[in-house]
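*Asks:* This is the structure I have questions about; it appears just below.
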Amino acid sequence: MSDLLELEDLRVSAGPHEIVRGVDLAVPAGQTVAVVGESGSGKSLTMLSVMGLLSPPLRVSGGHVRLAGWELTGLHERQLREIRGNEVAMIYQDPMTSLNPLMRVGEQVMEAMTAHGVAKAQARERMLDLLARVGIPDPRRTARAYPHEFSGGMRQRVMIASALAMRPKLLIADEPTTALDVTIQQQILALVDELRQELGMTTIWVTHDLGVVARLVDRVVVMYAGHVVEDAPVRQVFAAPQHPYTASLLASLPDPNSDGRGRLATIPGRPPTSTQTITGCPFRPRCAQARDICAVRPELLPRTLPVSPTAAPAAAGGAVAEPAAGGGAAVAVEAATTRVACHVPPAEWR
Amino acid sequence: MTTAVTPAETTVAVGAPPATTAAWRRLLRSPAGLIGTVLVALILIGAICAIAGLTPYDPVAQHPRDALQGPSGRYWLGTDQFGRDIFSRTLAGIGNSLRVSVVAVALSGVVGTLAGVCAGYFGNKVRGPVLAVTNVLFAFPPLLLALTLATTLTRNWATIALAIGIVYVPIFVRVTRGPVLSLRETDFIRAARVVGLPTRRILARHILPNISAIVTVQVTLSLSWAVLTEASLSFLGLGSPPPAPSLGSMVFDAKVFASTAWWTLAAPGVAIVIFVVGLNLLGDGLRDALDPRNGRNS
């Protein structure tokens with residue numbers, strides 16, 4: 001079992017200010033991971049640096065990105081271009097702006113293939129198949145339409161078609177549903193998940209809404225102020241969050257069983273800005289569990305959990321993530337893969 | 001899977017003709033656009049006649065016995081001090097002035113747009129030098145440059161076009177750089193990079209088409225300024241050498257006789273006004289017609 005994507009102490013800076021402050025993350029082939037965190041937590045920047053798409057003044061200021069054994073950091077633009085589309089693809093937040101308004105949608109999907117040397121006629125055939133596969137009605141006709149003739153959901157489908165054109169090994173979905181209606185959201189999520197299983201893609205969902213992807217992922221990585229604070233199997237995260245920040249995030253989700261009259265829980269204060277220097281735990285100023293020891297920066301360390309009755313059935317599965325042969329059965333992950341950056345275990349929380 | 005789709009089912013005009021047809025319709029529906037188009041069309045017809053040699057008289061042929069005659073059936077707009085037909089000379093002047101302006105604007109449009117796109121799309125290594133050169137050119141008075149070129153090179157219409165072209169390059173750099181800067185951060189450009197498109201293709205197929213409206217408007221407006229600059233240059237005697245007709249030198253020649261023979265001044269003057277006003281109105285109309293916010297479906 002090798003890791004498809006490996007981030008090692010990845011740092012992204014804008015000028016003198018560090019925004020992503022050392023991210024360690026290993027995603028095995030076939031796994032589906034959610035990277036969650038609030039705006040500004042560095043989750044999107046982390047993913048953009050995987051694609052080599054940071055634009056000045058942003059730059060990777062340290063660490064390594066490895067994809068399928070390739071070292072991506074410091075790679076030449078020409079080589080990066082080979083990898084983009086072929087190995088990694090990305091879908092974006094806002095389908096209204098992610099298609100060129102002056103180009104027919106079919107051409108935009110074809111372009112993703114011709115750029116990688118696929119012959120035009122063949123690209124055309126595949127484009128029509130892809131459009132049909134992502135649920136665009138009558139592809140032959142609609143391929144000639146311009147983006148403004150499409151609804152948001154349709155455009156997102158086109159985006160997905162063009163992202164998957166070269167059958168990438170890794171798909172990064174950067175909040176692909178935030179700009180869509182709730183009903184369309186579900187359709188798009190289901191579509192991407194289906195295609196993921198079909199193509200056996202490793203998938204990373206970047207989102208600030210844990211609820212949206214909870215059912216689709218194997219594992220959740222929680223980011224805060226440019227750090228990974230918790231990295232755990234999804235059921236573990238919901239049943240027994242190990243970091244106070246994760247716990248507060250979950251507590252601030254609306255409870256569908258409440259009568260709706262109580263106030264939602266919030267986290268006091270605000271996250272540190274990128275210009276602030278952080279000593280100790282970045283969450284300390286807002287943390288209800290903060291102790292003296294939190295002035296020392298906690299490392300992201302594996303934590304062995306006492307098997308709790310709620311988490312046990314889910315977490316007791318086999319060793320590691322391997323896409324099931326038929327594709328897509330939920331993957332069980334060992335509880336010991338949980339890593340947390342906090343000095344205070346939940347047992348000691350007040 | 002084959003599905004026959006009857007036209008009645010289509011709610012959206014899928015594969016509708018590109019936005020250009022709609023833009024033309026919008027242009028001709030606005031008063032400014034309509035008047036501008038008509039005036040520019042008039043000018044073009046005149047210029048084509050002159051270039052094709054379809055003028056009543058040879059523009060440089062002198063008829064000394066008919067010097068300084070008023071408009072009549074024989075000489076529609078009168079004659080100048082050498083008895084040359086003013087109507088023919090005006091048409092030829094328009095042709096000359098159009099040739100200079102078109103070449104000048106084509107030159108500055110191509111060079112300026114390319115430089116502006118590069119300055120906007122690439123990092124500081126390209127941006128710095130391009131903007132430095134642009135600022136220097138901006139500070140250069142067109143008349144001075146034309147004078148320098150006209151004295152160091154040969155003095156003909158191409159030199160004038162070159163001088164005007166060089167001076168107008170910075171306008172196109174400025175006008176295109178900004179939109180490209182913001183375009184390069186849009187999702188669809190990022191998406192194009194994500195699927196691995198080479199930079200040249202991104203520039204040609206994604207960036208350029210999206211700034212074409214801005215460039216089109218700028219070309220029209222620059223043409224009108226180029227006409228004025230060309231007229232000023234030939235008024236000062238820096239244009240095409242006599243006896244070649246040019247609107248500016250006709251105005252210069254006429255200023256002596258203007259009090260007694262008004263028609264010598266009127267014809268080239270009105271021609272310049274029609275030319276400049278027409279291009280400006282057309283530019284305004286195009287700006288509105290090509291603005292994507294005016295709805296693509298109307």
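*Asks:* Can you give the angle from 0 to 90° between the axis of helix B:157-183 and the longest principal axis of chain B, with both taken from C-alpha atoms, to the nearest 10?
*Replies:* Between helix and principal axis, roughly 20 degrees.
*Asks:* Classify chain B: rounded, prolate or oblate, from the alpha-carbon gyration tensor (a ≥ b ≥ c, eigenvalue square roots; a/c under 1.5 rounded; otherwise prolate if a/b is larger than b/c)?
*Replies:* Oblate, since a/c reaches 1.5 and b/c is not below a/b.
*Asks:* Run the numbers on segment A:100-166 and let me know its relative contact order in percent, using alpha-carbon pairs under 8 Å that are six or more apart.
*Replies:* The normalised contact order for segment A:100-166 reaches 48 percent.
*Asks:* Angle check, please: helix B:19-29 long axis (alpha carbons) against the longest principal axis of chain B (alpha carbons), in degrees 0 to 90, nearest 10.
*Replies:* Computed tilt is about 40 degrees.
*Asks:* Can you work out the Karplus-derived ³J(HN,Hα) for every residue in segment B:135-146? Use 6.51 cos²θ - 1.76 cosθ + 1.60 with θ = phi - 60°, whole Hz, and x for glycine or proline.
*Replies:* These are the phi-based 3J(HN,Hα) values: 5, 4, 4, 4, 7, 8, x, x, 5, 5, 5, 4 Hz.
*Asks:* Please give every one of the lysines within straight-line cross-link reach of A:Lys169, meaning a C-alpha to C-alpha distance under 24 Å, and leave out same-chain neighbours fewer than 8 residues apart.
*Replies:* A:Lys43, A:Lys120
*Asks:* Cut-off 10 angstrom, C-alpha nodes, Gaussian network model of chain A. Which of A:Arg133, A:Arg270, A:Arg286 fluctuates the most?
*Replies:* A:Arg270
*Asks:* Note down the relative contact order for chain A as a percent, whole number, built from C-alpha pairs under 8 angstrom at least six residues apart.
*Replies:* Across chain A, relative contact order equals 19 percent.
*Asks:* Using helices alone, what [θ] at 222 nm do you get for chain B, with -39,500 (n - 2.57) per DSSP H run of 4 or more residues, divided over all residues and rounded to the nearest 500?
*Replies:* Taken over chain B, the calculation gives -22000 deg cm²/dmol.
*Asks:* Within the set of other residues whose C-beta is less than 10 Å from the C-beta of A:Val33, count the net charge using Lys and Arg as +1 and Asp and Glu as -1.
*Replies:* -1
*Asks:* Compute for segment A:100-166: radius of gyration divided by Kirkwood radius, i.e. Rg/Rh, restricted to C-alpha atoms, rounded to two decimals.
*Replies:* 0.92
*Asks:* Take the alpha carbon atoms of segment A:25-71, find their center, do the same for segment B:58-79, and report the distance between the two centers in whole angstrom.
*Replies:* Comparing the Cα centres of segment A:25-71 and segment B:58-79, I get a distance of 79 Å.
*Asks:* Report the net charge of residues surrounding B:Leu265, where surrounding means a beta-carbon distance below 12 angstrom and charges are Lys +1, Arg +1, Asp -1, Glu -1.
*Replies:* -1
*Asks:* Cβ under 15 Å from B:Gly116's Cβ, B:Gly116 left aside: what net charge do those residues give with Lys, Arg +1 and Asp, Glu -1?
*Replies:* +4
*Asks:* Only Cα pairs under 8 Å and at least 6 apart count here; give the relative contact order of chain B as a rounded whole percent.
*Replies:* Relative contact order of chain B: 26 percent.
*Asks:* Could you give the Stokes-Einstein D for the protein assembly as shown in µm² per second, using the C-alpha Kirkwood radius, 25 °C, 0.890 mPa s?
*Replies:* In µm²/s, the coefficient is 83.
*Asks:* Here is a further query. Near B:Lys255, which aspartates and glutamates are there with a Cα under 12 Å away, not counting those fewer than 8 places off in the same chain?
*Replies:* Qualifying aspartates and glutamates at Cα under 12 Å: B:Asp80.
*Asks:* Would you mind pulling out the separation of the Cα centroids of segment A:185-263 and segment B:217-237, in Å?
*Replies:* 63
Taken together, the values in this text are just the output of simple stated rules run on the coordinates, not laboratory data. Model, not experiment: these values are computed from the prediction. FYI the Cβ positions are ideal-geometry reconstructions off the backbone, even for glycines, and counts take in every protein chain you see.
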